[in-house]
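The values are calculated or read from the model by the stated rules, or taken from the named source; none is laboratory data. In this text the structure is predicted, and so the values were computed from the model without any measurement. Every residue, glycine among them, receives a Cβ derived from its backbone with ideal geometry; neighbour counts consider all protein chains shown.
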Amino acid sequence: IAQHQAIRPRRCPGAGDDDADEMTVFHFLNCAVLTFGPHVVYYSATPLSEYDTIGTSVKAAVVYLGAALVKLVCLATFLKVPDANDSFDPYQELMKILIGFIDVAGLYFALTQLTHRNISQNHKFQAVGLGWAFADSVLHRLAPLWIGARGLEFTWEYIFQGLEANANLVMTLSLAALGSLMWLRKNKPRTLIPIIYACALLLATMPSITSYLRRSLEWQTPKVVGFELFSSLVMAFISWQLFSACQRPM
Amino acid sequence: LAGAPLGSRAAALNHHAAAFPLPAGADLSRSALVAPLLDLPLAFLREYLAEKKHLGGLLILLPRNISAKNVEGNNDDKGEPKNVLAELEKLLMHEEVPFPVYFAFHDDNLDNLLADIRKIASSGQPASASTGGYKLVVPSAEPKKVSSPTISNIQGWLPGSKGEGDAEQLPTIAIVANYDTFGAAPALSVGSDSNGSGAVALLEIARIFSRLYSSPKTRGKFNLLFGLTSGGPYNYNGTSKWLRSFDQRVRESIDYAICLNSVGSWSHDLWMHVSKPPENPYIKQIFEDFSDVSKEMGISVGIKHKKINVSNSRVAWEHEQFSRFRVTALTLSELSTPPEFLESTGGLYDTRESVDVESVMRTVKLVSEILARQIYGLRGRNIDVFADNSSLAISPHYIRSWLDLFSRTPRVAPFLQKNDPFIVALKKELSEHTTDVHVQNDVLDGMFTFYDATKSTLNVYQVASVTFDLLFLLVLGSYLIVLFSFLVITTRVYGPIHFCKHN
């Protein structure tokens, strides 16, 4: 008996024939490699793997999770439920930025308070940054990826998410580098100190900046991701220069 | 039907979409074909069914306005869509179709989808996993048998007035119409003409006679029995069960029954179908009444005699069920020949546009005047009982609003539950005009088995091809390799040169 139906575009977890299932798992694997691959590559390509700094990275990841929990509690306590007209409330945004600084506090804790084996300062910041960024990607990106990328419908969303993860890695490393400059290195050239603090501040507020771009200026996802990638490279370059500048007088 | 599978046998759909014109060498066994009604060549479909070739699925797009009449309102020139649809339905209902067939109405989304599919197809590659395109998915479970399809017959009486000396039961005249439909797509079978028109005519006749019978002074010496029966397309199974449920004395008191079937789109000619020979005095009398009134109305009523073949289970007209119980009956219809099995049962093409209020009004007037002549003994007198602009005038608004309701409601009996709101509404309406309203529920004969799943949601996904994924993997791989090399070079090779101090 023939039937009648209505059209409604919707996601449907792969209820498909064989080659469709393979295709969507393929896409999931692709996006997963894009999201988490660079972390693995970074670890294995740099001397981090030689000095076996995995312990440091793991500790940093745990600190990240702790900081994320604290942030969650603070957000729930201090922020109001956003109302329907979705306006830009400066007070709320300020609260969000302040709560974002908990991340910085977490990094400080990971860099200074944790006991690391005898690894050099520049390896320390890299290991901490790597562990931190990896935990961030897992927490924020793994679940959506697992659920969504295996779906039948193709979207660019997870590819953008993977690119974001890359940008995030670079920015975290830069922030960790500046952090180690700020808190671990005692004698720095006087003129550079304000620049270091300014760059660190910029990096710390980067999440708020991107959310502002997305919501208020209504930038589309490709544009936002492009901005993140570009700014992460710029900040990385600046941090690198600052870091090497601080090395020279010694 | 009797063990032989008919119609579409599958419901779940999960295939890539394809459309006409098909690219060369297209393998349609893994594709769902999307075709507007008029683009679908029936010969192609017939060939597929005859050669038992595999088709992934079929999605037929129907125009919103199926039975659009042409400008003069001339019903003879039925538009092309109507004919094509009728043929298609016949094909789908009488053959075993091993793939799912869905119907949808044209709208912007579907039109865009079709254009896109055609564009992709025109690039020369058939739709499949390796080239991307659209995928049509209907996540439907295996259709289940409808366990006991019920038929609900609704009846109401207008009792006549017994005089002081009348000991026996008053004679009864029955007006009957079946209200259910059947079509290739049960959720779209609204059957406006077959038999929405008959059922609405019955309701209007009940309404005007209830006005006459409400006052004892104008109550006739006949009982009027109104019956809205179900199970019409299945050899009037419901009518037979309904009659069987009567007490024999009540059945014997029925003088005659007028069955109404498809009275919504005729202009001049109506047919009276009988199973007793026209020479039979009862039939002769009734036909004379019909001729008299029709002449006055300026229309013509012809008589057609079809003998009942008791050994043949096919019951083409409702009156034949009455005749099997030895009750005189006739069917009034615009159809001149008896419909085939599952033909004219209110399928896809029978929409609101295929009936008009005037035809139904003429039918009501004809039947009402004849009944009035019989009941009030007005034969020979030139009296127009239900004249226009009188208090007994036939109401076009009533007819129109009920026709509209019928045309919005698909009424395939196995999918109408006992307590369906529509059946409740019919019962309520009949109770407004008649008394002793009773709904008789019964089970449809075991000869027919119905499967559910009449309505589903179609999900259309835009899928990327495997080549895209491979390409992406390639790019990703090179990116990671470049990253790796960059890091190795900067940290291990140049690293020691720049970062030479440990803390």
| Can you list the helices (runs of 4 or more DSSP H) found entirely within the range B:389-503 that contain at least 2 residues being of a type in the set (Gly, Ala, Ser) and farther than 30 Å from A:Ala45 by Cα? | B:396-408, B:421-433
| task | Identify the single condition in (1) touching a strand residue (DSSP E or B) at 6+ places or on another chain (Cβ under 9 Å); (2) farther than 16 Å from B:Pro339 by Cα that B:Asn195 does not satisfy, given that it satisfies every other one. | result | (2)
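Report yes if B:Gly231 is out of contact with any Leu (no Cβ under 8 Å at 6 or more places or on another chain) and buried (at least 24 other Cβ atoms within 10 Å of the Cβ), otherwise no.
Details: out of contact with any Leu (no Cβ under 8 Å at 6 or more places or on another chain): no; buried (at least 24 other Cβ atoms within 10 Å of the Cβ): yes.
No; evaluated as a whole, the condition is false for this residue.
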| Looking only at the range B:336-356, and only at residues there that are under 11 Å from the mean Cα position of the chain (by Cα) and among the β-branched types (Val, Ile, Thr), the one that is nearest to B:Ser192 (Cα to Cα) | B:Thr351
| Is there any pair linking a residue in the range B:338-366 that is part of a helix (DSSP H, G or I) to one that is among the acidic types (Asp, Glu) and at pLDDT 85 or above, with Cβ under 7 Å and at least six apart or on different chains, and which? | B:Arg352/B:Asp404; B:Ser354/B:Asp193; B:Val364/B:Glu204
| request: Name every residue in the range A:207-249 that is within 14 Å of another protein chain (Cβ to nearest Cβ) and in contact (Cβ under 8 Å) with a residue 12 or more places away in the chain, in order of residue number. | output: A:Leu229, A:Ser232, A:Leu233, A:Ala236, A:Ser239, A:Trp240, A:Leu242, A:Phe243, A:Ala245, A:Cys246, A:Pro249
| note | Turns out the helices (runs of 4 or more DSSP H) fully within the range A:53-172 with at least 2 residues that are in contact (Cβ under 8 Å) with a residue 12 or more places away in the chain and touching a helix residue (DSSP H, G or I) at 6+ places or on another chain (Cβ under 6 Å) are A:54-78, A:90-108, A:121-137
| query | For B:Arg362, which of the numbered conditions (1) at negative phi; (2) modelled with pLDDT under 85; (3) not acidic (Asp, Glu) fails to hold? | reply | (2)
| note | Every listed condition ((1) away from every other protein chain (no Cβ under 14 Å); (2) touching a residue at least 60 places away in the same chain (Cβ under 8 Å); (3) closer than 30 Å to B:Pro410 by Cβ; (4) in a helix (DSSP H, G or I)) holds for B:Ala187 save (1)
| request: Need at least 1 residues that are over 20 Å from the mean Cα position of the chain (by Cα) and either more than 13 Å from chain A (Cβ to nearest Cβ) or modelled with pLDDT under 80 (or both) per element, so show me which strands (runs of 3 or more DSSP E) inside the range B:4-105 make the cut, counting only ones lying wholly within it. | output: B:13-19, B:31-36
| request: Name the one entry in B:Ser294, B:Ser336, B:Ser300 that is under 23 Å from B:Phe222 (Cβ atoms), in contact with a strand residue (DSSP E or B) (Cβ under 6 Å, 6 or more places away or on another chain) and of a type in the set (Gly, Ala, Ser). | output: B:Ser294
| note | All-but-one check, A:Phe125 against (1) surrounded by fewer than 18 Cβ atoms within 10 Å (Cβ to Cβ); (2) under 14 Å from A:Ala60 (Cβ atoms), failing number (1)
| field | Candidate set: the range A:34-59, residues that are at pLDDT 85 or above and aromatic (Phe, Trp, Tyr); chosen: the one nearest to B:Leu483 (Cα to Cα) | value | A:Tyr42
| Being of a type in the set (Lys, Arg) and within 17 Å of B:Pro159 (Cβ to Cβ), is that true of even one residue in the range B:246-257? | yes
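Against the condition at pLDDT 90 or above, touching a Phe, Trp or Tyr at 6+ places or on another chain (Cβ under 8 Å) and closer than 30 Å to A:Thr24 by Cβ, how does A:Ala135 come out, does it pass? So that I can check it myself, show each step before the final result.
Details: at pLDDT 90 or above: yes; touching a Phe, Trp or Tyr at 6+ places or on another chain (Cβ under 8 Å): yes; closer than 30 Å to A:Thr24 by Cβ: yes.
Yes; evaluated as a whole, the condition is true for this residue.
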| request: Go through the residues of the range B:420-438 one by one and say whether even a single one is within 14 Å of chain A (Cβ to nearest Cβ) and either out of contact with any Asp or Glu (no Cβ under 8 Å at 6 or more places or on another chain) or surrounded by 14 or more Cβ atoms within 10 Å (Cβ to Cβ) (or both). | output: no
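Quick check, is B:Tyr479 more than 25 Å from B:Glu142 (Cα to Cα) and outside the structural domain of B:Arg244 (by the TED database)? Explain how you work it out, then say what you get.
Details: more than 25 Å from B:Glu142 (Cα to Cα): yes; outside the structural domain of B:Arg244 (by the TED database): yes.
Considered against the rule, which asks whether it is more than 25 Å from B:Glu142 (Cα to Cα) and outside the structural domain of B:Arg244 (by the TED database), B:Tyr479 comes out as yes.
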| task | Identify the residue in the range B:469-503 that is within 30 Å of B:Asp116 (Cβ to Cβ) and at the interface with chain A (Cβ under 8 Å from one of its Cβ atoms) and, among all such residues, is modelled with the lowest pLDDT. | result | B:Asp469
| Residues that are in contact with an Asp or Glu (Cβ under 7 Å, 6 or more places away or on another chain) and not small (Gly, Ala, Ser), drawn from the range A:155-171 | A:Glu164, A:Asn168
